[in-house]
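The values are calculated or read from the model by the stated rules, or taken from the named source; none is laboratory data. Computed from a predicted structure; not experimentally measured. Cβ atoms come from the backbone with ideal geometry, glycine included; neighbour counts cover every protein chain shown. Ligands, DNA and RNA are stripped out before the accessible areas are found, and what is left, the full protein with its side chains, is counted by its heavy atoms. Shrake-Rupley method; radii C 1.70, N 1.55, O 1.52, S 1.80 Å.
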Amino acid sequence: MTSFLSTPIEYLKGVGPEKANVLKKELEIFTFGDLIKYFPYKYVDRTKFYAVTEIYDTQTYVQLKGKISGMAYVGNGSSKRLTAKFTDDTGSIELVWFKGFKWLEGAFSPAETYVLYGKPTEFNKKLNFSHPELEPFTTFENKHSGIFRALYNTTEKMKNKSLDSKGIARLLETLFLQVRPEHLPENLPQSIIQAYRLISRYEAIQKIHFPKTIEAQNQAIRRLKFEELFLIQIGMIKNKILKQKGRGIVLGSLGKCFNDFYENYLPFQLTNAQKKVLKEIRKDTLSGHQMNRLLQGDVGSGKTMVALLSLLMVVDSGYQGALMAPTEILAQQHFHEVSRLLQNMDIRVELLTGSTKAKAKKEILLAAENNEIQILIGTHALIEDTVKFANLGMAVIDEQHRFGVAQRAKLWKKNSIPPHVLVMTATPIPRTLAMTLYGDLDVSVLDELPPGRKPVTTVHYSEAHRLRVLGFIKEQIQLGRQIYIVYPLIEESEKSDMKNLMEGFEHISTNFPLPEYRVSVVHGKLKSADKDAEMQRFVKGETHIMVATTVIEVGVNVPNASVMIIENAERFGLSQLHQLRGRVGRGAEQSFCILMTSYKLSQDGKKRIQTMVDTNDGFKIAEVDLQLRGPGELEGTRQSGGYNLKIANLATDTPILEEARKAAILTLEEDPLLQKQENYGLHKYLSEESSDKGIWAKIS
Ligand code: ADP
Ligand code: MG
C-alpha cells in the first residue's frame, strides 16, 4: 500500500526526472517521506542585516540590504564577467557574475532596495559576492513569515541542478502545501509526550523546516532528537529481552581445572574488581540463558586473567573455549601466556591464526571437532567456516573494537545452543555511547588496577628537547629498563612514514651503538616470523629499545618496559595514544610516556596532547575523544554503530539520550509487547519502518 509519504519524489511539483535522479544518488531521497526527513543542519537569522562595513571575512553567510548600481562587463572571452556595486548606508561592495548575463542585464532597478544573501569571496585581496541571492525587499518582507531560514547540506552535483540549499527549501515549501497532520501521525505514547513536554510529531517536523521563533526551533529539535533516540532504545531493549529468553548453555559447578589453577598456579591475588566480574560471569553461565557481556577495563586492569578463569569454568563442564584476538602478535602472546600458566595442567591449548601452516591447521581443525582441544586461541581465523567445535561453551573476544557485530554473530552460529560471549575492550566507551551501541550487551567494568601500579607520568616535548630525551633513555636503560619508541604509519602516507621510522631507527642505533646497546625494530612490512622474533627478543629483555609502528598497540605485555616515546604524537587519535601508553606502567617501577610533537599543533591536536598529559583515566579520555571526533569516528563504532542518526548527536546529546532511554525502559516495562492502546502509534510506526522503507520507490 502506498501512503502519501512513500510517493516517489518525482511526483513532487518542480522535481523532474533529472532532479529526482540527483536527489536519489546524492542524498538517498527517494520519496516524499525521505525529503521531509532531510533536516536542516543550521539556521540563519533572517531578521539580521549586516552593514557592508561589517563584512571582513569569507567565513559566514550574511544578509545585506541595499541598492544595486553600475552594471558593467569586465574582461573578455572566457574571463568575461558582469559586475555591479551593492551599496548600503555604510559603503559598497562588488557583485560579480560569470554567467546568466542576458537575464541579469535587465533584472535590477537602481531605485529598488534589494536583500542580498550570500557568503563573501576574496578576489585580488578584496571581498566581493559572486552569484549572491538577491530579491527585492518588498518580496522578502511579504514572503518571510518566519525569521529563521533553514540551511540544507547539498553537493556540487546538486548545485548544478539548482538544488542548492535554497532549492531544497523550495521543494520543501511545495511539499508542505500538501502535508497534513494525518500524514505524520504521532509515534510516541501520550504519557511520554506529556512527561517530557514534547511537541507533536507533525508540529515538530513542520517547525524544524520552517521555525518562526527560536523557541519553536528548539522545541522541534528536541522532540525529534528525543524520538530518534527513543526509537533506537526501544529496539535495543526489545532485542535484549528477546535474547534473554534465548537458551544458553548451563555450566556445572566449578571443578578440578578451575580449582586446581586457582589454588596452585594463579600468580597473584585477584583484585576485587576481577572477583566481582567473575561472579557476574559465573551467574550468567548458570542462568540458562546465553551470556552477552561486555567487559570494559582500562589497559592493564587484568582482563586476560578474567578471560582465562572464565574459560576454565567452561572446560570444567566439558565444553570448549575460544579466545579471539584482533592481531597475530596479540593472539600469539595470549597463547604463550595461557600455555605457560597451564603448563602443569592437563588442558590442551592451541593457536590458530592466518599464518598457521596448512598441515598444523588441518590437525588443529580435526582436534577441535573431536573435542580434543579445550582452549583454542587465535585471530579472525577462528571464525572461518572451516573451524568447527565439538561443543563451544564460550567465546571471549579481546579488544573488541576491531571486531564488528557481524563477526560476533558468526561466533554465535557455531553451535545449536549458542555459546556464551564475553567481549573485552580496553577502549572504554563512554556510557552514553555504550548505552546506544551495546544496549544489547550487559556491561561489566574492571574499575580497579592491580595493586602497586604507579600512574604513568606523561610529558609533552618538541624537537628542541630531543637531546634531553636521549639522555633520559640512557638513564633508564642503566636502571635496567626497556624503552618503546613508536612512529605513526598510515596507508595514505606510508612511504614517508616508513622513511621516518627507518631514519628514527638509524638515529637511535647511532646513539645507542652495539655492543653495549641492542635495538629492535618492528613494523608491518616485516614477515610475520621476523616480526615475532623481534618482539620475542624484546619480551625476553634481549634488546633495550623497541622502535616500532602501532603493531605493538594492542595488548602486548612487557612489564620491564618503563618508557613509551611516541613520535609525531599529534598524528595519533586519543584512544590510540592511551592504548600505547598502556604498554608501560605494567611493572612496579615508575613509568613515563613522552609525547613528541612538532612545534605547531592544530586546536584538536593540542587538546588531545593536553588530555593525555592531564589524565590517565581511560573513561575521561574516551569522553574527550568522543567530543573531538564525534561518535562516527570513534574507534569501533564505525562498523558496529550503523545508526544513521539524522539529528541526534551522541557526543553532545547525553541528557536527551538518558531521558529517552528512561522513557523507553518505562514504556517496555509497562507494555513489553507494545499492545496497549496508548502504544498503538509506536507499534504501528515500528512495524511500518521495518517493512516498508519506500522499497518500491527505490526499485523503480
Ligand atoms: P589488560 O586488561 O590490558 O588486558 P592484562 O590482562 O594484560 O591487562 O594484565 C596486565 C598485567 O597485569 C599483566 O602482567 C598481568 O599478569 C597483571 N595482572 C593482572 N591481574 C593482576 C592482579 N590481580 N594482580 C597483579 N597483577 C595482575
Ligand atoms: Mg589485554
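Key figures
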item	result
Alpha-carbon centroids, region 513-543 and region 95-125: separation in whole Å	67
Selection from Gln63, Ile383, Gln627 lying farthest towards where the dipole of the chain points positive, charges on Cβ	Gln63
Gain in span if fully extended, Ser191 to Lys454, counting 0.36 nm per residue against the direct Cα distance	89.5 nm
With 10 Å bins from 0: P(r) over region 48-145, alpha-carbon pairs, percent	15, 50, 30, 4, 0
Top positive-direction residue, dipole computed over the chain with Cβ charges, set Ser520, Gly480, Gly106	Gly106
With DNA, RNA and ligands ignored, accessible area of Met502 (1.4 Å probe; Å², nearest 10)	60
Viscosity 1.567 mPa s, temperature 4 °C, Stokes-Einstein D of region 246-345 from Kirkwood C-alpha radius, µm²/s	90
Over 27 Å (Cα to Cα) - which of Lys37/Lys161; Lys207/Lys240; Lys212/Lys238; Lys80/Lys125; Lys362/Lys540 fall in this group	Lys207/Lys240; Lys212/Lys238; Lys362/Lys540
Virtual spin-label span in nm between Glu658 and Asn239, 7 Å along Cα→Cβ	2.4
Dipole moment magnitude, nearest 20 debye, region 48-145 about Cα centre, only Lys, Arg, Asp, Glu C-beta charged	340
Spin-label model distance (nm) - Ser598 vs Ser416, 7 Å beyond Cα toward Cβ	6.2
Coil-residue GluC sites (Glu not before Pro) of region 47-142, DSSP, other Cβ within 10 Å capped at 16	Glu112
Backbone HN-Hα couplings from phi across region 520-537 [Karplus 6.51/-1.76/1.60, Hz, Gly and Pro as x]	9, 9, 9, 8, x, 7, 6, 5, 3, 5, 5, 4, 4, 4, 4, 4, 4, 4
Dimensionless Rg ratio for region 470-551, taking C-alpha atoms and the 2.2 N^0.38 Å reference	1.08
Antiparallel DSSP beta bridges within the chain, percent to nearest 5	35
C-alpha long axis of helix 466-478 to longest principal axis of the chain, angle in °	20
Placed amide H near Tyr461: partners under 5 Å, 5+ positions off or other chain	Leu595, Met596, Thr597
Region 660-675 - phi-based ³J(HN,Hα) in whole Hz, Karplus 6.51/-1.76/1.60, Gly and Pro as x	5, 5, 4, 4, 5, 4, 4, 4, 6, 5, 7, 8, x, 9, 6, 9
Whichever lysines have a C-alpha closer than 19 Å to that of Lys600, once near sequence neighbours (fewer than 8 apart) are set aside	none
Cα Rg, Dmax, region 167-255, angstrom units	20.3, 72
Fraction in percent of alpha-carbon pairs per bin - 5 Å, region 1-114	2, 9, 13, 12, 10, 12, 13, 14, 8, 3, 1, 0
Dipole magnitude of region 457-615 about its Cα centre (Cβ charges: Lys, Arg +1; Asp, Glu -1), debye to nearest 20	220
Carbon and sulfur %, accessible surface of region 272-352 computed with the full protein complex present, 1.4 Å	47
With DNA, RNA and ligands ignored, accessible area of Glu228 (1.4 Å probe; Å², nearest 10)	30
Between helix 680-691 and the chain: long-axis angle, C-alpha atoms, 0 to 90°, nearest 10	80
Region 457-615 - percent of accessible surface contributed by carbon and sulfur, probe 1.4 Å	53
With 5 Å bins from 0: P(r) over region 457-615, alpha-carbon pairs, percent	2, 9, 19, 24, 23, 15, 6, 2, 0
Heavy-atom accessible area ranking, 1.4 Å probe, most first, across Asp346, Asp614, Asp398	Asp346, Asp614, Asp398
Share of pairwise Cα separations in the chain, more than 41 Å, in percent	47
Residue order for Met564, Met345 - accessible surface, 1.4 angstrom probe, largest first	Met345, Met564
With Cα atoms, 0 to 90° folded angle of helix 603-614 axis to the chain main axis	30
Within the chain, helix-based [θ] at 222 nm, where runs of 4 or more DSSP H residues each add -39,500 (n - 2.57), nearest 500	-12000 deg cm²/dmol
Probe 1.4 Å, protein heavy atoms only - accessible area per residue of region 232-323 in square angstrom	41
Under 9 Å, Cβ to Cβ, from Glu589 - net charge with Lys/Arg +1 and Asp/Glu -1	+2
Accessible area expressed per residue, region 111-166, with surrounding protein chains retained (probe 1.4 Å, Å²)	57
Zone of Ser528's modelled label, taken as backbone nitrogen in region 313-329 under 18 Å from a point 7 Å along Cα→Cβ	323-329
Whole-Hz couplings from phi, Karplus 6.51/-1.76/1.60, listed for region 187-194; x for Gly and Pro	10, 9, x, 4, 4, 5, 4, 6
Calculated FRET value between Ser339 and Arg468, using beta carbons and R₀ = 45 Å, to 0.05	0.60
Cα-Cα separations in region 149-213 greater than 18 Å, expressed as whole percent	50
Region 80-151 - percent of accessible surface contributed by carbon and sulfur, probe 1.4 Å	51
Per-residue SASA entry for Lys531, accessible area with 1.4 Å probe, Å² rounded to 10	40
Ranked by how many other beta carbons lie within 10 Å on average, peptides 191-204, 171-184 from highest	191-204, 171-184
Cα centroid of region 564-625 to Cα centroid of region 220-234, whole Å	35
Solvent-accessible surface ranking, highest first, for Leu392, Leu514 at 1.4 angstrom	Leu514, Leu392
Nonlocal amide H pairs with Asn292, under 5 Å, H built at 1.01 Å	Val421, Asp442
Cβ-derived FRET efficiency at R0 22 Å, Arg180 paired with Lys37, nearest 0.05	0.85
Contour excess over end-to-end distance, with Cα ends at Tyr202 and Asn370 and 0.36 nm allotted per residue	54.4 nm
Å² of accessible area per residue within region 457-615, as computed with a 1.4 Å probe and no ligands counted	46
